[in-house]
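Taking it in order: structure first as structure tokens, then the write-up.
Nothing in this text is a laboratory measurement; each read-out follows from the coordinates by a stated rule. Keep in mind that this is a model prediction, so the values were computed, not measured. For neighbour counting, all protein chains shown are included, and Cβ atoms are generated from backbone atoms with ideal geometry for every residue, glycine included.
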Amino acid sequence: MQVSPEKSPREAGPASTADLVQTAVSQISTLVRAELNLAKAEMLSKGKQVGTGGGLVGAAGVLVLYGIALLLALAVVALALVWPVWLALVAVTVAVFAAAGVAGLVGKQKITSATPPVPSGALASVHDDVQAVTDAFREGRHS
């Protein structure tokens, strides 16, 4: 039994339509998988940003609770001896709520920067891929 050596694609002549379609399907499948992996990675990154922002908003809530506790504690401590009681309470209240406001604003900014939860980088890449394929088809028809 004689085994014939396989011919390279150039030696075999022009590829058949079925071979071209099979190659295109394979390449499109690979491209779609790659784009899905890119979208998944981008969504993971945005999820982490939302988590960080949510943590900072939670920290703002804890600071508000500490502010309430401080208000009660400071009513009883030595500041009442140095300033009038009302002035000591106002100064501490302003400082604690200012810290809570800063933490809340930073947390809100983190959440806002991660939304909308759309993988914009992956979508732009898919748009570029579709445009490249469309251009290639147009050039193929005119040449």
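Roughly how many nanometres apart are two label points built 7 Å out from the Cα toward the Cβ at V82 and H127?
Label at V82, label at H127, 5.8 nm between them.
What's the extension gain from A73 to E35 if we count 0.36 nm per residue and subtract their Cα-Cα distance?
Gain on extension, A73 to E35, equals 8.0 nm.
Apply 1/(1 + (r/R0)^6) to the Cβ-Cβ distance of L105 and L44, taking R0 = 30 Å, and write down the FRET efficiency to the nearest 0.05.
Rounded to the nearest 0.05, the efficiency is 0.70.
Among 98-109, 124-135, what's the highest-first ranking by average C-beta atoms within 10 angstrom per residue?
98-109, 124-135
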